[in-house]
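Here's the structure, in C-alpha cells; my notes come after.
The values are calculated or read from the model by the stated rules, or taken from the named source; none is laboratory data. Please read these numbers as outputs of a predicted model, since none were measured by experiment. A quick note on method: Cβ atoms are made from the backbone with ideal geometry, for glycine too, and the neighbour counts reach across all protein chains shown. Accessible surface is based on the protein model in full, side chains and every heavy atom, while ligands, DNA and RNA are left aside. Shrake-Rupley method; radii C 1.70, N 1.55, O 1.52, S 1.80 Å.
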Amino acid sequence: MTEKTTAVGGELNESDVSAGTERKVATCAAARDLITSLLQRCTKDTSLARGDAHLAVTELISNAIRHGGGLTGFRADLSPDASRLRLQVEDADSRPPRTPADTDRFEPGGRGWDIVRRLADTCAVTVLPGAGKRITVTFAL
C-alpha cells in the first residue's frame with residue numbers, strides 16, 4: 001500500500017528540510033522541549049513560531065494519544081536555510097482528524113485540528129501503509 005497525502009496550505013517537499021531530530025517522545029512537554037532546543041540553533045527571533053509550534057504540537061500529540069490509538073512517532077526539523085520548522089506526528093488511526101463541522105458546536109472539544117490548521121503555514125495528512133497516519137505541519141521562521 002502506498003502513502004496517501006492530503007495537503008492544506010503550501011507544497012510539502014522532502015528536499016526542503018535538513019536533518020533534524022527524531023527522538024522517542026511520549027509527552028507534549030517532551031516535544032515542546034525538543035522544538036525549543038531545535039529553534040535555539042536559529043539566529044533570528046523565533047518566539048512567535050515557537051509559540052505557534054508549541055500549541056500545535058500539544059494539540060497534535062494529545063489528539064494522537066486521546067483519539068488516534070496512541071502516539072507512534074514524532075519528528076522535528078529545520079529547512080536547510082533555517083527558514084521553516086517542520087513537525088511530524090504519527091498515530092495508530094488512519095482516520096483523518098475531525099473538523100469543527102464533524103462536532104456539536106455546543107459540546108467541548110473537537111476544535112484542535114482547526115487550531116492547528118490556522119497556526120501552521122502548511123498541513124498534510126498522510127495515511128501510512130498498514131495502519132495509522134502522519135500529520136505534517138510547517139511554520140515559517
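Please give the peptides 72-85, 36-49 ranked by average Cβ packing (other Cβ atoms within 10 Å per residue), highest first, as a rough proxy for protection.
72-85, 36-49
From the protein chains alone at 1.4 Å, what is the descending order of accessible area for 127, 89, largest first?
The ordering from most to least exposed comes out as 127, 89.
Could you derive backbone 3J(HN,Hα) for the range 38-53 from the dihedral phi with the Karplus parameters 6.51, -1.76 and 1.60 (θ = phi - 60°), listing whole Hz in sequence and x where the residue is Gly or Pro?
5, 6, 5, 6, 7, 8, 9, 5, 10, 4, 5, 5, 4, x, 5, 5
Quick one: if the Förster radius is 22 Å, what FRET efficiency do residue 45 and residue 66 give, using the C-beta to C-beta distance and rounding to 0.05?
0.10
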